Amino acid sequence: MDRRHFLRTTLATAALPSLALAQESKAKKRILLRSSWQTVNIGDIAHTPGMLHLLEKHLPEYDVTLWPSSVDNGVAEMLTKRFPKLKILAPTAEAKKEAFDTHDFLLHGSGPGIVGQKSIIEWTEKTGKPYGIGGVTWSGGKDNGEAIKVISGGKFAFFRDSVSLELAKSKGATCPIMEFGPDATFACDLVNDEPAAAWLKEVGLEDGKFVCCIPKLRNTPYWEIKKGVKFDEKKNARNEEMKEHDIAPLRNAVIAVVQQTPMKVLLCPEDASQMKLNKEMIYDKLPEDVKKKVVWRQDYWLTDFAQSVYNRSAGLFGNEQHSPIMCIGHGIPAIVCRYKEQTSKGFMWKDIGLSEWLFDHDFDEAEKGLTPAVLAIVNDPAAAKAKALKGKAVADDRMKRMMDVLRASLETR
């Protein structure tokens, strides 16, 4: 072989891996994740990292771009720290057009409804490409017809509670795969351990020796925590009417924990309005001897910090949904108290086998049973942990099913 022929052959051979990589890159399919609805609630933040973790774990060979509504208040930095390869769609028409041109599938992430319904319609009209819905509550509404059309047009629609699933079926949705698929927040693994551990030490809370409590009003007072939201007199009146009814059972449980066990209690927020609510409705109304073993968190926190605190607790109870989900996702016992203004999402606790940890304020269940349930968790942590892990296993199995269906939808395109 002469030198010229040798060089040509060597160069051609060397180029083969690069060519193969280029072809693989070109063929690699891309998922556009419509999620990140707002940042004033750690649960609404947690939807996105939960889904990103599921995609990373079950579909690592696919590229993912996040199409957010809001990633302010440090959320973008928190997400990219955990997912350094993540691309976040810029809020420009040019960026959206490029994403529509280059992505193969739109995945609507978990949420309180089909929050990105208009985005799905836009995607469908402009691209004709497939989409799916992953882990939402659906309560119907004025636009039932359009919503049913959107649900029916998807490759799949997973509902995070069985009540929503049955409602969609009863309204005539014909999506080929409609199943129970939990909120992706169960898969959120963001943590910020060092600052959380330092703060717990500062306020005198030891690992495993405290429980968390979160209150909530019937209607989140967004006019207090989000710019541009007008005061709602009707919702505020309902809040004032029901807040003692809904929060007194939590306060009673706090008192029982302090007086009957060695545990302390952390009053903490899920959304940015609840620090004030904790002080007004729980801390300030406690007996002085009880206050000594109760910590009131005065500042809002982000999902990663909160998760690290929850992971060090003996459990959590309250009127919120997503902090309990974050707990169960890490095997930490958690009790949910619900009411009708929260939609049907609380019933996912029954769907994952945690009925004993679900109470309904509309039927005074929390008033009758919350304190014994909290004390049971504190007094038998091994049994409570086992129950939490059993619920987590159900959620994990259903989330894997959602990812398997997504993979099949991508591979058949």
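The values are calculated or read from the model by the stated rules, or taken from the named source; none is laboratory data. Not measured: the values here are computed from a predicted model. No Cβ is skipped: glycine too gets one built from the backbone with ideal geometry, and neighbour counts run over all protein chains shown. Surface accessibility is based on the protein's heavy atoms, side chains included, excluding ligands, DNA and RNA. Shrake-Rupley method; radii C 1.70, N 1.55, O 1.52, S 1.80 Å.
Of the residues making up region 209-235, those that are more than 24 Å from Arg338 (Cα to Cα) and either under 24 Å from the mean Cα position of the chain (by Cα) or open to solvent by less than 30 Å² (accessible area, probe 1.4 Å) (or both) are Lys227, Val229. Filtered by the rule that a residue be closer than 21 Å to Gln274 by Cα and charged (D, E, K, R), region 185-224 gives Lys216, Arg218, Glu224.
Look at (1) closer than 24 Å to Glu341 by Cβ; (2) surrounded by 15 or more Cβ atoms within 10 Å (Cβ to Cβ); (3) more than 22 Å from the chain's Cα centre (by Cα) and you find that Phe159 fails only one, number (3).
Within region 307-333, the set of residues being β-branched (Val, Ile, Thr) and either modelled with pLDDT under 95 or farther than 14 Å from Gly43 by Cβ (or both) comprises Val309, Ile332. Residues in region 171-193 that are under 25 Å from Ala388 (Cβ atoms) and either without any contact (Cβ under 8 Å) to a residue 24 or more places away in the chain or β-branched (Val, Ile, Thr) (or both): 2 in all.
Considering Ala95, Ala168, Ala147, the condition of being free of Cβ contacts under 8 Å to residues at least 40 places away in the same chain and in contact with a helix residue (DSSP H, G or I) (Cβ under 6 Å, 6 or more places away or on another chain) is satisfied by Ala168 alone. Among the residues of region 361-387, the ones that are over 30 Å from Glu244 (Cβ atoms) and either of a type in the set (Val, Ile, Thr) or within 24 Å of the chain's Cα centre (by Cα) (or both) come to 3 in all.
When Val40, Val71 are checked against the criterion of being closer than 23 Å to Thr220 by Cβ, open to solvent by 10 Å² or more (accessible area, probe 1.4 Å) and touching a Lys or Arg at 6+ places or on another chain (Cβ under 7 Å), a single residue qualifies: Val40. Checking each residue in region 275-327 for being open to solvent by 20 Å² or more (accessible area, probe 1.4 Å), assigned to a helix (DSSP H, G or I) and of a type in the set (Ser, Thr, Tyr) picks out only Tyr283. For beta carbons closer than 7 Å, sequence separation of 6+ or different chains, a first residue in region 344-356 that is more than 16 Å from Asn319 (Cα to Cα) and a second that is open to solvent by 10 Å² or more (accessible area, probe 1.4 Å) and in a helix (DSSP H, G or I), the qualifying pairs are Asp351/Ser162; Ile352/Val394; Gly353/Lys390; Gly353/Val394. Residues of region 250-272 that are open to solvent by 10 Å² or more (accessible area, probe 1.4 Å), in contact (Cβ under 8 Å) with a residue 60 or more places away in the chain and in a loop (DSSP other than H, G, I, E, B): Thr261, Met263, Ala272. Scanning region 92-120 for residues that are in a loop (DSSP other than H, G, I, E, B) and over 30 Å from Gln342 (Cβ atoms) gives Thr92, His103, Asp104.
Looking across region 328-344, just one residue is buried (at least 24 other Cβ atoms within 10 Å of the Cβ) and part of a helix (DSSP H, G or I), and that is Ile328.
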